[in-house]
Amino acid sequence: MIRNRFQRIALGLLAGLGLLAGCADPAATPSPDATPSLDAALADGERLYRTHCMSCHGPDGTGGGELAPELAVPVPDLTTLAARHGGTYPLERVLRVIDGRDAVQAHGSRPMPVWWNVFAEEDGRPIPEEEVQRKINELAEYLRSIQVEPPAPAGP
Ligand code: HEC
């Protein structure tokens, strides 16, 4: 009996925390669809983008986010990644840049946060590696979905 009541309170607390977390991140909508699909992954990727990337890379990925003028280096256009790589989306490279851990080892610092480290911890709690990698993959897939058509080859 006591145990049940305790469980109810614990559940209530968890639900409350969930609501609070929902308030802190208005873009976060829990997906009702439990089966992972490309659409769901893209939706998660877009939500992550809006929460973590839009402030610099802009709402449509072309740059011009509100923090961009504060940075010492220009913010690249993320819709021309494929166009700038001969028409092929450079997935491996994008994953590495977002992950960011190599860059830090190589140069000590970069304007863009090291997203692996950001995603690897939430409220002081370590997040499992698979979960961190899933977020990075979803972001890379979302970026793939916003690529502009590569420019047509120059005519005669
Ligand atoms: C504080 C501003 C800032 C935020 C926030 C930010 N970026 Fe960046 N990003 C940059 C800057 C500046 C560069 C170029 C220099 C560098 O690599 O640091 C860059 C480079 C990139 C590149 C490489 C682009 C190219 O042309 O090679 C990718 C991919 C990228 N960011 C993705 C993301 C993703 C995904 C997020 C969100 C998870 C994000 N960025 C959040 C500032 C930011």
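The values are calculated or read from the model by the stated rules, or taken from the named source; none is laboratory data. Source: prediction; values computed, not measured. Backbone-built Cβ (ideal geometry, glycine too); neighbour counts: all protein chains shown.
Looking at Val75, Val104, Val94 in this structure, which one is within 20 Å of Gly45 (Cβ to Cβ) and modelled with pLDDT under 95?
Only one candidate qualifies: Val75.
With (1) surrounded by 17 or more Cβ atoms within 10 Å (Cβ to Cβ); (2) hydroxyl-bearing (Ser, Thr, Tyr); (3) more than 10 Å from the ligand (Cβ to nearest atom) as the list, and Thr62 as the residue in question, which single condition is left unmet?
For Thr62, the exception is condition (1).
Test Glu66 against the stated conditions and say whether it is out of contact with any Pro (no Cβ under 7 Å at 6 or more places or on another chain), of a type outside the set (Phe, Trp, Tyr), over 23 Å from Ala41 (Cβ atoms) and at pLDDT 95 or above.
Taking the combined requirement at face value, the residue satisfies it.
Residue by residue through the stretch 45-59, note down the ones that are near the ligand (Cβ under 8 Å from one of its atoms), in contact with a helix residue (DSSP H, G or I) (Cβ under 6 Å, 6 or more places away or on another chain) and within 14 Å of Ala140 (Cα to Cα).
If the condition is that a residue be near the ligand (Cβ under 8 Å from one of its atoms), in contact with a helix residue (DSSP H, G or I) (Cβ under 6 Å, 6 or more places away or on another chain) and within 14 Å of Ala140 (Cα to Cα), then Leu48, Tyr49 are the ones that fit.
Six or more apart or on different chains, Cβ atoms under 7 Å: show the pairs whose first residue is in the stretch 121-137 and among the basic types (Lys, Arg) and whose second is surrounded by 11 or more Cβ atoms within 10 Å (Cβ to Cβ).
Lys135/Leu48; Lys135/Phe119
From (1) touching a residue at least 24 places away in the same chain (Cβ under 8 Å); (2) assigned to a helix (DSSP H, G or I), pick out the condition that doesn't hold for Leu81.
(2)
In the stretch 41-62, is there at least one residue being part of a helix (DSSP H, G or I), over 17 Å from Gln147 (Cα atoms) and β-branched (Val, Ile, Thr)?
Within the stretch 41-62, one or more residues are part of a helix (DSSP H, G or I), over 17 Å from Gln147 (Cα atoms) and β-branched (Val, Ile, Thr).
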